[in-house]
1. Look through region 246-283, keep the residues that are under 22 Å from the mean Cα position of the chain (by Cα) and either outside the structural domain of residue 299 (by TED's automatic domain parsing) or not in a helix (DSSP H, G or I) (or both), and return whichever of them is surrounded by the most Cβ atoms within 10 Å (Cβ to Cβ).
2. What number of residues within region 198-242 satisfy the criterion of being touching a residue at least 40 places away in the same chain (Cβ under 8 Å) and more than 30 Å from residue 176 (Cα to Cα)?
3. Starting from residues that are buried (at least 20 other Cβ atoms within 10 Å of the Cβ) and assigned to a loop (DSSP other than H, G, I, E, B), keep the ones in region 56-79 and report whichever is modelled with the lowest pLDDT.
4. Looking at (1) surrounded by 12 or more Cβ atoms within 10 Å (Cβ to Cβ); (2) modelled with pLDDT under 90, find the lone condition where residue 386 falls short.
């Protein structure tokens, strides 16, 4: 008779997009300082915040952390992404829903404040309006009612996935302008934009975003080895298991502090252990290949495809080296001037994919990007050492090449 172990416990790791990690890695000081704003409504430098970083670096998770902290302190939260129609979604749906939750018995008060977009619950309220509805008026009205009912609270606005597309930047700049006017008229608002740095920089260069240029900036990249170990070990502990030290060492080593990969590595190792109370080295080894393959397919391949043709050539020239690359070698490999290389070096560093690595050198900051680029260029052989050049496709006539 076969003895069955107990049912496996659910994984404590969250590799899915936008899911809150059980243990948030790093940025503890920043989280504490921003949370203090929700407790005191004393903004300091935190009236507007820009969160930049790699895909999978934890930007969306950070927004979720802030949203939870704001709600816990009685703040209202407006959360959206920078997709087309942002202004309409916020004015026609989000703000009316918040008003219904906040003050369902305050129709006359809201009308006197000049609220422009009312949900069906408010349509019976008599009101007159001679001017076009403005987001700034709605935010001021919402902030005023909130202050009467919940003193020392405010409104947190988080906008994710900032894009540098021209149409989206125009709408985002209008959105930012309305927020700046509302803040200027006394509304208690903290606004947080998140995206890749080059896209955030493009937003700052646009019209009507002057107040955002004084924002506090948070840069999300890789966790330190100690932070990575803490996230893995603490998540496993909270989940109800233990992990062998050599298994933990391997997970830390191959996840390279990349937050999305940390969650993938832990999740695969946890599931490999099934109902066992301990994650072993064999489980960590089973997770290794699966996690790297998954991150290459889901993140790194898309990052590479998003790069311009010259950016791709730049990283391909870097990938020749299995470590840091000399700028002088890039000049030679690309056949361009040093000044030209410096322009693309700056772009890729600001995007978070490349980092300066000593005087006159660069290296990849996105783990496994170099490996992925090399794998695309390689002619991977069969077990007999013979690659595809020894296996040409048949011609359509069947007579060979």
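1. 258
2. Summing the residues that are touching a residue at least 40 places away in the same chain (Cβ under 8 Å) and more than 30 Å from residue 176 (Cα to Cα) in region 198-242 gives 13.
3. Step by step, filter region 56-79, then rank; the result is 56.
4. The single condition residue 386 does not satisfy is (1).
Every residue, every condition in (1) under 19 Å from residue 57 (Cα atoms); (2) crowded, with 19+ Cβ neighbours inside 10 Å; (3) out of contact with any helix residue (DSSP H, G or I) (no Cβ under 7 Å at 6 or more places or on another chain); (4) free of Cβ contacts under 8 Å to residues at least 40 places away in the same chain, yes or no:
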position	(1), (2), (3), (4)
287	no, yes, no, yes
302	yes, no, yes, no
312	no, no, no, yes
319	no, yes, no, no
322	no, no, yes, no
325	no, yes, no, yes
328	no, no, yes, yes
333	no, no, no, yes
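The values are calculated or read from the model by the stated rules, or taken from the named source; none is laboratory data. On a predicted model such as this, the values are computed, not experimentally measured, just so you know. All Cβ positions, glycine included, derive from the backbone under ideal geometry; neighbour counts span all protein chains shown.
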